[in-house]
Amino acid sequence: MRYEKFEDLIHLALEMQARRSGVSLEDIQERFSVGRRTAMRMKDSVMRVFPQVDEMTSEDRKKRWRIPTGVTDRLISFTPEELADLDTVVEILKRDNMQDAAANMADLSTKLRALLDSKIARRVEPDLEALLEAEGLAMRPGPKPRISSLVLEDLREAIKGCEIIKIRHKNRKTQRSTKRVVHPLGLIYGHRHYLLAFDEKAKDIRKFAMPNIEEVEITGKYFVRDEKFSIEEYTNKSFGVFSEEPFEVVWKFSPKVAEDVLNYRFHPDQIVIREPDGSVRVEFEAGGILEMAWHLYQWGKNVEVIKPEELSNMVHPNRTEWFGTL
């Protein structure tokens, strides 16, 4: 057996212990990018090594397998790369002014280091120090949202408990503050951070800029979360954070930037087509025409907007020939 296959089986065993609801064949296929028959063989291999595996049937009638807590603990270890990546996450969160999340990740990093066996720790530390010295984080220009830690804490508690809240929110344009009764559904992080919530007055889902939420009041009332609602699906309908009805998008990039485009992920559901002349077409459906325009300006004259026409009219007259890397 190749080393990477052995590693996959170890990771699968750890997944089976980590997930309380167990792991299904579909989970294995998605996690390891394998077909169903390979997923079955991997599952069977783990069960041969760990006879403690429990088989259960979930509410959706799928079979799932779980290893009881503590069985695979001796297999758990941390590489210098994993610890360095965690430190990078901390720096990214600090850069984007998400101080509470950065503090939580820093605490997690400390706890993981504390769990390391002393002999392993002595072996890992030099490599980790070298990686941290060699990897930097570019400063990203743009707004650094200031969010009250008390507001963020109250929002998270309300989201977890499905509690109806009353927020005082300042409108960015009018600078007027109004109170809204909302059902908090989740938080969206981007250049600006937003609370996604059902607004009782508007009878619809709205986004509220978190830096503009001045106060959160717990009402003591609760709402039932729609099981069909998915924040991931909601955000996938937009390019960025602005919500609009999705429309057909087709961009054509010149051969000069083809390799850059092929390494870009513009949208989770994008279709990328390499044309015979070396150019690249990117197609997807989403709303958010203003953020699309902002993004396309950085590609200068190397991009042509084929659809929609409104976006083409916004971008084409203002294209510039940029030099250097994107």
| remark: Non-local residues with an amide H under 5 Å from the amide H of PHE247, with H modelled 1.01 Å from N and Pro and chain starts lacking one, are ALA286, GLY287
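Cross-link list LYS237/LYS301; LYS179/LYS203; LYS237/LYS307: which exceed 23 angstrom alpha carbon to alpha carbon?
Working: LYS237/LYS301 27 Å; LYS179/LYS203 15 Å; LYS237/LYS307 16 Å.
Where the Cα-Cα span goes over 23 Å, the pairs concerned are LYS237/LYS301.
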| said: Could you order the peptides 102-110, 219-227, 22-30, 277-285 from most to least packed, using the average number of other C-beta atoms within 10 Å per residue? | reply: 22-30, 277-285, 102-110, 219-227
| For segment 259-264, in order, what is each residue's ³J(HN,Hα) by Karplus, 6.51 cos²θ - 1.76 cosθ + 1.60 with θ = phi - 60°, in whole Hz (x at glycine and Pro)? | 5, 5, 5, 5, 9, 9
| message | If you filter segment 1-78 for trypsin sites (Lys or Arg not before Pro), then keep DSSP loop positions with at most 15 other Cβ within 10 Å, what is left? | response | ARG2, ARG19, ARG20, ARG61, LYS62
| query | Residue-wise, which Karplus ³J(HN,Hα) couplings in Hz belong to segment 17-30, taking 6.51 cos²θ - 1.76 cosθ + 1.60, θ = phi - 60°, and x for glycine or proline? | reply | 7, 6, 8, 5, 7, x, 10, 9, 4, 5, 4, 5, 4, 6
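Every number in this text was worked out from the coordinates using simple rules, so none of it is lab data. Please read all numbers here as calculations on a predicted model, not as lab measurements. Every residue, glycine as well, gets a Cβ built from its backbone with ideal geometry; the counts of neighbours run over all protein chains shown.
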